[in-house]
């Protein structure tokens, strides 16, 4: 069966990354639907006429619309990607879920602007029996699943601490880091946000201290995006280490071995690496949607997963404002 797919938002992640990136891979939702043998991109939607026309021409899509409601009624897509600015996610995702022809929505992060909206969308999808997936891309990249399996098998030992760096907003981009930490390490218990950069923004880039339910400690450093983009994670455990570097395009593994200094000292030595598989993450996300529709399965990044990442980001913002740590279980 071939599913009819539609794209809402013809900007970078919707379409344009496929032309701006110099790297081989599938870098946009449009490219992912076009390359998947089980989907057909039948319509695109954007209020910006220029973006709309360029996207439609690029992917050879005849049906083009400036508003979602008209597109849904006239084209009846079964899968809809929401790739619009963050503040528009909630109303557009809700509108797509409520349309009778739509069976699945693949949304860009964050799921919504607040926990009430995100929870409402998760509940709506469950009540209607529809798939709601969120593109926290590393969940769909095969190498990160391999790293999770290594951690779960205990090959790195007990996780002691995780640290990292990020840019461009605690919820907008930081939630990528929070989701990955939750995926690899487990639930977060306590969050402390520190507004060191003092950005004048609704979503400032904070330093964030995390306490995981496992007892592991986390520290995420917010950095100035005007200098360059950055995304890194360093997981230090009792028997090894995993470093996610180069914007997530390299995963390095380390193991404990005797130090050349002798005298009983030990050190961490590089043992190899994992191919993260990021160039195929969006392809995997679309394939996962198709699998969910065929098997009535749960997405690899569900609305519930996205809700947890959003909660951590919003708790960090609340903490930075109030000057005290936030227990995640009590945060609303």
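The values are calculated or read from the model by the stated rules, or taken from the named source; none is laboratory data. On a predicted model such as this, the values are computed, not experimentally measured, just so you know. As a convention, Cβ positions derive from the backbone with ideal geometry for all residues, glycine included, and neighbour counts pool all protein chains shown.
So which residues in segment 72-98 are under 16 Å from residue 121 (Cα atoms), in contact (Cβ under 8 Å) with a residue 40 or more places away in the chain, under 17 Å from the mean Cα position of the chain (by Cα) and surrounded by fewer than 24 Cβ atoms within 10 Å (Cβ to Cβ), if there are any at all? Matches in segment 72-98: 86 only. Within segment 242-270, being closer than 16 Å to residue 138 by Cβ and loosely packed, with under 14 Cβ neighbours inside 10 Å holds for 246, 247. Across segment 58-99, what is the number of residues that are within 22 Å of residue 38 (Cα to Cα), assigned to a loop (DSSP other than H, G, I, E, B) and touching a helix residue (DSSP H, G or I) at 6+ places or on another chain (Cβ under 9 Å)? Counting residues in segment 58-99 that are within 22 Å of residue 38 (Cα to Cα), assigned to a loop (DSSP other than H, G, I, E, B) and touching a helix residue (DSSP H, G or I) at 6+ places or on another chain (Cβ under 9 Å) gives 8. Screening segment 33-55 for residues that are free of Cβ contacts under 8 Å to residues at least 24 places away in the same chain and assigned to a helix (DSSP H, G or I) and picking the one that is nearest to residue 3 (Cα to Cα) gives 53. Restricting attention to segment 17-32 and to residues that are in contact (Cβ under 8 Å) with a residue 24 or more places away in the chain and more than 18 Å from residue 141 (Cβ to Cβ), the residue that is surrounded by the most Cβ atoms within 10 Å (Cβ to Cβ) turns out to be 30. Where strands (runs of 3 or more DSSP E) sit wholly within segment 216-332, those with at least 1 residues that are under 30 Å from residue 30 (Cβ atoms) occupy 231-237, 240-245, 250-258, 266-274.
If the condition is being at pLDDT 95 or above, outside any strand (DSSP E or B) and surrounded by fewer than 20 Cβ atoms within 10 Å (Cβ to Cβ), then segment 183-202 contributes 186, 187, 195, 196, 197, 198, 199. The residues listed here are 258, 299; of these, the one that is in contact with a helix residue (DSSP H, G or I) (Cβ under 9 Å, 6 or more places away or on another chain) and not assigned by TED's automatic domain parsing to the domain that holds residue 122 is 299. For segment 276-313, what are the residues that are under 30 Å from residue 190 (Cβ atoms) and surrounded by fewer than 18 Cβ atoms within 10 Å (Cβ to Cβ)? The answer is 298, 304. Within segment 221-241, being in contact (Cβ under 8 Å) with a residue 24 or more places away in the chain, farther than 11 Å from residue 161 by Cα and either surrounded by fewer than 19 Cβ atoms within 10 Å (Cβ to Cβ) or under 23 Å from the mean Cα position of the chain (by Cα) (or both) holds for 221, 222, 223, 224, 225, 228, 229, 230, 231, 232, 239. Does residue 273 meet the test of being surrounded by fewer than 20 Cβ atoms within 10 Å (Cβ to Cβ) and in contact with a strand residue (DSSP E or B) (Cβ under 9 Å, 6 or more places away or on another chain)? The answer is yes for residue 273. Of all residues in segment 37-66, exactly one satisfies the criterion of being buried (at least 23 other Cβ atoms within 10 Å of the Cβ) and within 20 Å of residue 291 (Cα to Cα), namely 41.
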